[in-house]
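J.: Input: one structure, supplied below.
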Amino acid sequence: MVLDVILPTFNREALLERTLASLRAAALPEGLDVRVLVVDNACTDGTSALVRCQAPSFGGRLQYLFEPTPGKPHALNAGIAATDGDLIGLIDDDEEVDAAWFESIARHFASNRDTVDFIGGKCLPLWGAPQPAWLGKGYLGVIGWVDPGPASKRMDASYPGILMGGNAVIRRRILERAGPYSSALNRTGATLLGCEDEDMYHRLLALGARGEYVPDLVIYHHVPAARLTKTYFRRWCFWRGVSLGVMDRDRPAPVRYLAGVPRYQIGRACRGLASLARHCLWLRREPDPATRFEHELACWDLAGFAWGKHLYRVPSSPVVVSAATSPAVSPAIDRTDAA
């Protein structure tokens, strides 16, 4: 099996160095040929020089690709189109893979050659500041903390989560059928638009792809102090709501709606507002800080969804090249082996 690890990056030279160090240090099992492709998404720091410097220590397995169009979906699509391995591994530039990450991939795909199309795993935090008291379990996804537990689970319509793009491995043949990542969910500038992972996950399931959560497929995600603020959580929840609202225009959920918004989401926000109001009026015992803040975030979720569904205009973006086409993504892209 050949595994292409696609690593998109934008101006995170210091963190990228740690990501590459973890990939270099991870054990390489027999039967798995690993290649790492760093997709430089118009970086203005020393990313390209770093990759050139790191290349000799990878023994020819580290490659470099420049993608000038800003946004993670564009970087992912360019990286996928420029590679041809059987498996596509996806991680982010602020993560470190576990020492057994490659071994877990090889073991799982070798033993499930005809029954699994994609796998996902745990994303555990590397704290850049102390965990705040107001951080509960309901919104851990804001900081990329994903831990569904010690047991394997089928990732299907009943799975309580999605395939996170920071720790995923997908067979190329099914990803090519699903098509490119959505550029309509492109995060650039001051917005926190996103959810390209969630969009792809639902498209994979719609194709009948078979996925599994693998508990020993582990990455460690850096959580900087700047993301451990209530302001960041509010912005993230609002823009995630916008992203889900944009997605819902084309693919409504099988639930009841009110004014174009899922009724359960309206109900959750209303219950949160009622709880906060009772707390302010001293009509009930004060809830813990985490519960109180989660009630507020439910309102930001609702506001973002309504804005995305009815008011947000998706910026125009260049045509995205499908992963099934030639690696020559565009004349502006220079693909070179860093070695």
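J.: Please go through (1) open to solvent by less than 20 Å² (accessible area, probe 1.4 Å); (2) of a type in the set (A, V, I, L, M); (3) at pLDDT 90 or above; (4) in a loop (DSSP other than H, G, I, E, B) for I219 and return the number of the only condition it doesn't satisfy.
T.: Just one mismatch for I219, condition (4).
J.: How many of the residues making up the range 55-86 are part of a helix (DSSP H, G or I) and of a type in the set (A, V, I, L, M, F, W, C)?
T.: Selection size over the range 55-86: 7.
J.: Going through the range 17-54 one residue at a time, which ones are outside any loop (DSSP other than H, G, I, E, B), out of contact with any Asp or Glu (no Cβ under 8 Å at 6 or more places or on another chain) and small (G, A, S)?
T.: A25, A49
J.: State which residue pairs qualify: first residue within 16 Å of G272 (Cα to Cα) and open to solvent by 10 Å² or more (accessible area, probe 1.4 Å) and inside the range 297-309, second residue aromatic (F, W, Y) and in a helix (DSSP H, G or I) in any location, beta carbons under 8 Å apart, and separation of 6 or more residues or different chains.
T.: Listed pairs, sorted by first residue: W300/F238; D301/F238; A303/F238.
J.: Sticking with this structure for a sec: Is it true that Y181 is touching a Pro at 6+ places or on another chain (Cβ under 8 Å), buried (at least 20 other Cβ atoms within 10 Å of the Cβ) and either of a type outside the set (A, V, I, L, M) or assigned to a helix (DSSP H, G or I) (or both)?
T.: Spelling it out, Y181 is indeed touching a Pro at 6+ places or on another chain (Cβ under 8 Å), buried (at least 20 other Cβ atoms within 10 Å of the Cβ) and either of a type outside the set (A, V, I, L, M) or assigned to a helix (DSSP H, G or I) (or both).
Here is a yes/no grid of residues against (1) within 30 Å of R177 (Cα to Cα); (2) at pLDDT below 85; (3) not in a helix (DSSP H, G or I):
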position: Y264; (1), (2), (3): no, no, no
position: G267; (1), (2), (3): no, no, no
position: R271; (1), (2), (3): no, no, no
position: W282; (1), (2), (3): no, yes, yes
position: R313; (1), (2), (3): yes, yes, yes
position: V321; (1), (2), (3): yes, yes, yes
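J.: Related question: Note down all Cβ pairs under 6 Å where the first residue falls in the range 266-279 and is aliphatic (A, V, I, L, M), the second is open to solvent by less than 100 Å² (accessible area, probe 1.4 Å) and part of a helix (DSSP H, G or I), and they're at least six residues apart or on different chains.
T.: Close Cβ pairs (under 6 Å, with a partner that is open to solvent by less than 100 Å² (accessible area, probe 1.4 Å) and part of a helix (DSSP H, G or I)) amount to A269/A298; A269/C299; A269/L302; L276/H295.
J.: Just to be sure before I move on: is Y213 more than 19 Å from C299 (Cβ to Cβ), buried (at least 18 other Cβ atoms within 10 Å of the Cβ), touching a Leu at 6+ places or on another chain (Cβ under 7 Å) and of a type in the set (F, W, Y) in the structure I sent?
T.: no
J.: Turning to a different aspect of this structure: Residue check, T19 against (1) in contact with a helix residue (DSSP H, G or I) (Cβ under 7 Å, 6 or more places away or on another chain); (2) buried (at least 22 other Cβ atoms within 10 Å of the Cβ); (3) among the hydroxyl-bearing types (S, T, Y), all met but one. Which one?
T.: The failed condition is (1).
J.: Among the residues of the range 241-265 satisfying the criterion of being more than 17 Å from F293 (Cα to Cα) and touching a residue at least 60 places away in the same chain (Cβ under 8 Å), which is most open to solvent (accessible area, probe 1.4 Å)?
T.: It comes out as R249.
J.: Further question: So which of T9, T44, T19 is more than 23 Å from A81 (Cβ to Cβ) and β-branched (V, I, T)?
T.: T44
J.: Condition first: basic (K, R), more than 19 Å from R249 (Cα to Cα) and modelled with pLDDT under 70. Now tell me which residues in the range 176-192 satisfy that.
T.: If the condition is that a residue be basic (K, R), more than 19 Å from R249 (Cα to Cα) and modelled with pLDDT under 70, then no residue fits.
J.: From the residues in the range 98-125 that are of a type in the set (V, I, T) and open to solvent by less than 10 Å² (accessible area, probe 1.4 Å), which one is nearest to R177 (Cα to Cα)?
T.: Restricting to residues being of a type in the set (V, I, T) and open to solvent by less than 10 Å² (accessible area, probe 1.4 Å), the top hit is V116.
J.: What are the residue pairs meeting all of these: first residue in the range 4-32, first residue over 19 Å from K72 (Cα atoms), second residue open to solvent by 10 Å² or more (accessible area, probe 1.4 Å) and modelled with pLDDT under 95, Cβ atoms under 6 Å, and 6 or more apart or on different chains?
T.: Correct list of pairs: L32/M1.
J.: Can you name the residue in the range 126-140 that is small (G, A, S) and open to solvent by 40 Å² or more (accessible area, probe 1.4 Å) and is also farthest from M200 (Cα to Cα) among such residues?
T.: This residue is A133.
J.: With the condition kept exactly as written, say whether any residue in the range 232-246 is out of contact with any Gly (no Cβ under 6 Å at 6 or more places or on another chain), under 30 Å from L20 (Cβ atoms) and not in a helix (DSSP H, G or I).
T.: No, the range 232-246 has no match at all.
The values are calculated or read from the model by the stated rules, or taken from the named source; none is laboratory data. These numbers were taken from a predicted model, which means no experiment stands behind them. All Cβ positions, even for glycine, are placed from backbone atoms using ideal geometry, and neighbour counts span all protein chains on display. All accessible areas refer to the heavy atoms of the entire protein, side chains included, with ligands and DNA or RNA removed. Shrake-Rupley method; radii C 1.70, N 1.55, O 1.52, S 1.80 Å.
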